[in-house]
Amino acid sequence: LCAGGLCLWLVLWLVVVKPGGVRACPRLCVCYPTPMTVSCQSQNITIVPAGVPYNSQRVFLQNNRITELRTDSFGFETQVLWLYGNNITWIEGGAFSNLRVLEELDLGDNPLQRLEGGAFRGLEKLQSLHMHRCKLATLPHDLFHKLYSLQFLYLQDNQLHFLQDDLFSDLVNLTHLFLHGNRIRALSENVFRGLVNLDRLLIHDNRVRQVHRKAFRDLGRLTILYLFNNSLSELPGQVMKDTHGIQFLRLNGNPWSCGCEARALWEWFREARISSSELTCTSPSQRRGQDLRFLRELDFAFCPLPDPGSLAGSTTTTFSTKTR
């Protein structure tokens, strides 16, 4: 029992005066206390709701009609933020800069088309980033700058046709990189530089015609590589020698040329102990339909020996000196 309005004053102190007092749940949302969760999915809202409690650890805003993200839209303690399935076309530079403890960000299925270089500035705790089916054609060179904690990066089913050198160089802890379903035509010498802990690389269903012989030189820990359904007719001898830990390899669905240019890859398969798809030859005509892996040494009897310099091993870095 309360006397003289004591209960009323106690309630006012708890809600207004006491630091960290309870904040009301935003309209059209449902809130849960442990962990503090704000769930506003599938409500046809067009902007990030006002009044999201700053101590919210999980914020679910997927399957709405949100069109843009601005700074100060989210609280400081958010660890999981789902925004997939909206109509987001613009993200203000630094929109997530206050989210210093964010671990998972899902922006998939949004018509982003392009991103600013500072879009993910400050997300040094981020572990998982989803940007699948966002109609992205290019990525700024500094988009992933200082995302040292990132482990999973989903970029599949976009419209990417080119990957800049050192685009992923800060992602020293990345283990999974999904690039399938794009329009990538070439893999340059430094495109994967710095990915010393990468375990899984999926680049299938692209238009890759050329792979630089040193493109995989930092991928010594890679165990799964998918390059099927591209436009590859050959692979340089060195390119697979750098993937010391490879266990599963899919190269089917490419127009393999099985003349002398195939010798280095054939020799690599003779020594490799991996699970691999077939590599069906499309040329020359007498080998059409054969599997490159099972050609005979006699098939290369009249081929010149490869230049030793082109097959020289390269050192694969297994750790990074980058600091946070």
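Worth a mention:
- VAL52 vs. criteria touching a strand residue (DSSP E or B) at 6+ places or on another chain (Cβ under 9 Å), in the same structural domain as LYS135 (by TED's automatic domain parsing), modelled with pLDDT under 90 and among the hydrophobic types (A, V, I, L, M, F, W, C): yes
- Restricting ASP142, ASP109 to those that are within 20 Å of THR46 (Cβ to Cβ) and either among the acidic types (Asp, Glu) or part of a strand (DSSP E or B) (or both) reduces the list to ASP109.
Residue by residue, here is whether (1) at pLDDT below 85; (2) among the small types (Gly, Ala, Ser); (3) crowded, with 19+ Cβ neighbours inside 10 Å holds:
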| site | (1), (2), (3) |
| --- | --- |
| GLY20 | yes, yes, no |
| SER42 | no, yes, no |
| ILE47 | no, no, no |
| ASN63 | no, no, no |
| ASN86 | no, no, yes |
| GLU92 | no, no, no |
| PHE96 | no, no, yes |
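- Out of LEU298, LEU305, sole residue that is in a helix (DSSP H, G or I), farther than 20 Å from GLU189 by Cα, at pLDDT below 95 and among the aliphatic types (A, V, I, L, M): LEU298
- When residues of the stretch 214-242 are limited to those that are in contact with a Gly (Cβ under 7 Å, 6 or more places away or on another chain) and touching a residue at least 40 places away in the same chain (Cβ under 8 Å), the one nearest to LEU155 (Cα to Cα): PHE228
- Qualifying residues in the stretch 108-152 (those that are polar (S, T, N, Q) and closer than 20 Å to PHE162 by Cα) - the one surrounded by the most Cβ atoms within 10 Å (Cβ to Cβ): THR138
- Taking the criterion of being over 15 Å from CYS29 (Cβ atoms) and more than 24 Å from the chain's Cα centre (by Cα), the residues of the stretch 66-76 that qualify are ASP72, PHE76.
- Looking only at residues in the stretch 65-84 that are among the β-branched types (Val, Ile, Thr) and out of contact with any strand residue (DSSP E or B) (no Cβ under 8 Å at 6 or more places or on another chain), the one that is surrounded by the most Cβ atoms within 10 Å (Cβ to Cβ) is ILE66.
- Filtering GLU104, GLU92 for residues that are within 20 Å of PRO49 (Cα to Cα) and within 16 Å of the chain's Cα centre (by Cα) leaves a single hit, GLU104.
- When LEU187 is tested against (1) surrounded by 19 or more Cβ atoms within 10 Å (Cβ to Cβ); (2) outside the structural domain of GLY237 (by TED's automatic domain parsing); (3) within 14 Å of the chain's Cα centre (by Cα), only condition (3) is not met.
The values are calculated or read from the model by the stated rules, or taken from the named source; none is laboratory data. Note that this is a predicted model, so its numbers are computed, not measured. A quick note on method: Cβ atoms are made from the backbone with ideal geometry, for glycine too, and the neighbour counts reach across all protein chains shown.
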